[in-house]
């Protein structure tokens with residue numbers, strides 16, 4: 001595992017972003033592990049480190065603008081934009097009934113290629129919903145980049161319909177690091193690993 005990955009994982013653990021218990025994810029899956037990445041906004045050094053690694057991952061990709069998915073990814077996308085000098089836009093979850101009533105905020109033109117930035121991916125469903133909204137407005141989506149891949153079928157689901165996913169960290173790497181540093185015991189490690197592998201096997205591209 002690279003030093004940058006180890007540093008980010010250790011930082012996420014130290015700020016309490018990796019939680020254990022029983023949590024219902026947006027996908028509806030009940031999970032024994034939860035990644036509370038909203039905490040990142042309170043740690044500017046960590047936010048900068050994450051954005052810098054994301055920029056490095058995407059240096060060979062071609063895109064005109066970046067777009068963060070509300071709400072957790074907006075600070076990450078903003079930091080990415082500042083480092084990369086790529087302009088940022090974002091798609092609202094809801095359209096305002098006042099002001100400009102725009103769905104997509106920022107400056108953009110139809111036909112431009114947009115790199116989607118998010119905090120993590122589970123089954124990929126929310127990503128496809130976001131892609132559709134951008135594409136309905138005439139923007140081109142090919143690639144998305146996330147901080148963490150929960151390894152529960154999202155990558156495969158996106159690939160099945162022609163999108164590429166890039167990620168910094170796998171949830172397996174988080175578990176391995178926590179096991180190495182004795183922050184979880186072998187029983188907890190095995191139980192969560194089994195859960196992740198079983199839910200991954202049930203994910204089917206739609």
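Inclusion of residue 138 among residues that are part of a loop (DSSP other than H, G, I, E, B), modelled with pLDDT of 95 or more and either under 13 Å from the mean Cα position of the chain (by Cα) or farther than 20 Å from residue 58 by Cα (or both) is warranted. Here residue 71 clears all of (1) within 18 Å of the chain's Cα centre (by Cα); (2) more than 21 Å from residue 5 (Cα to Cα); (3) in contact (Cβ under 8 Å) with a residue 40 or more places away in the chain except the condition numbered (3). Just the residues that are outside any helix (DSSP H, G or I) and either under 25 Å from residue 144 (Cα atoms) or touching a strand residue (DSSP E or B) at 6+ places or on another chain (Cβ under 6 Å) (or both), please, taken from the stretch 167-184. 167, 168, 169, 170, listed by residue number.
The residues of the stretch 152-165 that are buried (at least 17 other Cβ atoms within 10 Å of the Cβ) and over 12 Å from the mean Cα position of the chain (by Cα), listed by number, are 152, 153, 157, 158, 163. Among all residues of the stretch 156-166, there is at least one that is in contact with a strand residue (DSSP E or B) (Cβ under 7 Å, 6 or more places away or on another chain), in a strand (DSSP E or B), under 23 Å from residue 2 (Cα atoms) and without any contact (Cβ under 8 Å) to a residue 60 or more places away in the chain. From the list 128, 133, 193, the one residue that fits, being free of Cβ contacts under 8 Å to residues at least 24 places away in the same chain and part of a helix (DSSP H, G or I), is 193. Kindly check whether there is at least one residue in the stretch 132-144 that is in contact with a strand residue (DSSP E or B) (Cβ under 7 Å, 6 or more places away or on another chain), closer than 23 Å to residue 40 by Cβ and buried (at least 16 other Cβ atoms within 10 Å of the Cβ). Yes, some residue in the stretch 132-144 is in contact with a strand residue (DSSP E or B) (Cβ under 7 Å, 6 or more places away or on another chain), closer than 23 Å to residue 40 by Cβ and buried (at least 16 other Cβ atoms within 10 Å of the Cβ). Residue 19 meets all of the listed conditions (1) modelled with pLDDT under 95; (2) outside any loop (DSSP other than H, G, I, E, B); (3) exposed (fewer than 14 other Cβ atoms within 10 Å of the Cβ) but one, namely (1). For the stretch 90-105, residues that are part of a loop (DSSP other than H, G, I, E, B) and either touching a helix residue (DSSP H, G or I) at 6+ places or on another chain (Cβ under 7 Å) or at pLDDT 95 or above (or both) total 1.
In the stretch 45-89, the qualifying residues are those that are outside any helix (DSSP H, G or I) and in contact with a helix residue (DSSP H, G or I) (Cβ under 6 Å, 6 or more places away or on another chain), and the one that is surrounded by the fewest Cβ atoms within 10 Å (Cβ to Cβ) is 72. Screening residue 11 on (1) out of contact with any strand residue (DSSP E or B) (no Cβ under 7 Å at 6 or more places or on another chain); (2) loosely packed, with under 15 Cβ neighbours inside 10 Å; (3) within 30 Å of residue 189 (Cα to Cα); (4) in contact (Cβ under 8 Å) with a residue 12 or more places away in the chain shows it passes everything except condition (2).
The values are calculated or read from the model by the stated rules, or taken from the named source; none is laboratory data. These numbers were taken from a predicted model, which means no experiment stands behind them. Cβ coordinates were reconstructed from backbone atoms using ideal geometry, including for glycine residues, and neighbour counts include every protein chain displayed.
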